Amino acid sequence: MNLLTYLDESWRIQRIEHVQMKGERRRLAGCNARLGVHGKEVRFPLVRITIGGMTGFGWSRITREQAAALIGTPVREIFSEEQWIHDRFLNLQFPLFDWLGKVRNQPVYELLTGGLAISPLKVPCYDTSLYFDDLHLSSERDAVRLLQEEAMQGYNEGFRAFKIKVGRGAMHMDLEEGTKRDIAIVNGIREAVGPECKLMIDANNGYNLNLTKRVLTETASSQLSWIEEAFHEDDSLYRNLKEWMREQQLNVLITDGEGHAAQPIVDWAEQGLIDAIQYDLLDYGIVKWIKLGERLARSGVHAAPHFASAQAYPAIPGFMSVEWDEAQIPGIDASGYAIRDGVVTLPSTPGFGLHLDEAYYEGKVRESGWTV
């Protein structure tokens, strides 16, 4: 990496600023199998860090007390030739990667790959906005039509892969009625978007083994790419499901790992029981995901991190596709990213390629944030 040759020994952390930025999804997101309405508003804890007079910004849950303890830290104590950023500073890794990209005058994807990634980078992505937006409808036909319309909205915006929330019978509907509606909606969306698009389903642990088999059987004609979080991770159930899928000649990947993942889930994946791991990229972090991706690749296991930055795509072995749940956040300009024909094209500007309206951000910090 030769990071340290680019860093001035006099540089230190001068300032850290934090505020909860608010934005909106393009439409209200409904329920999933275990939670109520997600809503339209999103919150984004945005931190800006100043080192050597230069700034970087990004997502971070660092507390004011933690940040205060880092002020004055020499830059050479922050970065690591072995893993980019030392453990003590990983809760600031997104603003730090943005800062480092700007210092090096590189987008993060070039930085992480030593310049090997082709610029501008193009990354496969999928629309993850198909929630239970139909619960107010008594008619299955009307529910299918609504979700078809939502899927076509994504199609017209450039998506060619879609993840569909299922598990309506786990909490929000009668079990039989909800399961039938899940199946009808999946098959209806396939009819709407056509045979070339990828479809995935996410049950948020709302199924059991038998329900999983039923849904996979009755959506077989829709040729699902993966089933996510069918039930809480259990190696015995996974083994049974894997054997059954082989018997049924169902070529559907099993993905899991978001949320409260079982501790041995990576071991189970290496044993062939899970095809892709989905740890949340925001909390797990880019640094750990690069290491994990290298480990998973040795066993042929895919990476499918949630809330993933497309900038990390070429640095994580086996990364399949970026989950896309776009929200417009005042003060952050993401217009450099463009989706077309199922791929997102990334800007070649330094850092994460986002532009921060500094006057707007500083006003929000004064209004409801903090600075150390």
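Every read-out reported here was derived from the displayed coordinates using simple, explicitly stated rules and does not represent laboratory data. The shown structure was predicted, so the numbers you read here are calculated from the model rather than taken from an experiment. In this analysis, Cβ positions are derived from the backbone assuming ideal geometry, glycine residues included, and neighbour counts consider all displayed protein chains.
For Ile164, nonlocal amide neighbours, meaning residues 5 or more places apart or on other chains whose placed amide H falls under 5 Å from its own, are Met200, Ile201, Asp202. Using a Gaussian network model on the chain with a 10 Å cutoff between Cα atoms, which of Glu110, Glu77, Glu17 fluctuates the most? Greatest mean-square fluctuation among the candidates belongs to Glu77.
For Gly351, the residues whose amide H sits under 5 Å from its own are Gly101, Lys102, Gln106, Val108, ignoring neighbours fewer than 5 places away on the same chain, with H placed 1.01 Å from N. Modelled label positions at Gln14 and Asn240, each set 7 Å beyond Cα in the direction of Cβ, lie 6.2 nm from each other.
Only helices enter the 222 nm calculation for the chain: every DSSP H run of n ≥ 4 contributes -39,500 (n - 2.57), and dividing by all residues gives -9000 deg cm²/dmol, rounded to 500. A full extension of the chain between Ser348 and Arg25 corresponds to an added length of 113.8 nm, given 0.36 nm per residue minus the alpha carbon distance.
Using a simple spin-label model with pseudo-atoms 7 Å out from Cα toward Cβ, Gln223 and Glu41 lie 4.3 nm apart.
Under a 5 Å amide H cut-off, with hydrogens placed 1.01 Å from N, Thr219 pairs with nothing among residues at least 5 apart or on other chains.
For Ile71, project a label point 7 Å along Cα to C-beta. Then give me every residue of the stretch 2-30 with its amide nitrogen under 11 Å of that point. Inside the label zone: 14-17. Relative contact order of the chain, taken over Cα pairs closer than 8 Å and 6 or more residues apart, is 22 percent. A Förster radius of 22 Å combined with the Cβ-Cβ distance from Leu209 to Ser138 puts the calculated FRET efficiency at roughly 0.15.
Dividing the alpha-carbon radius of gyration of the stretch 302-372 by the rule-of-thumb value 2.2 N^0.38 Å gives 1.35. When +1 charges are put on Lys and Arg Cβ atoms and -1 charges on Asp and Glu Cβ atoms, the dipole computed for the stretch 281-372 relative to its Cα centre reaches about 520 debye.
Karplus-based coupling profile of the stretch 198-206, in residue order and whole Hz: 8, 10, 10, 10, 10, 8, 6, 6, x, with θ = phi - 60° in 6.51 cos²θ - 1.76 cosθ + 1.60 and x standing for Gly or Pro.
Only beta bridges with both residues in the chain are counted; by DSSP, about 60 percent of them are antiparallel. Among 198-211, 133-146, sorting by the average number of other beta carbon atoms lying within 10 angstrom of each residue, highest first, gives 198-211, 133-146. Identify which of the listed values of Rg/Rh (Cα atoms, Kirkwood Rh) was calculated from the structure shown: (i) 1.29; (ii) 0.99; (iii) 1.14. Among (i) 1.29; (ii) 0.99; (iii) 1.14, the one derived from this structure is (ii).
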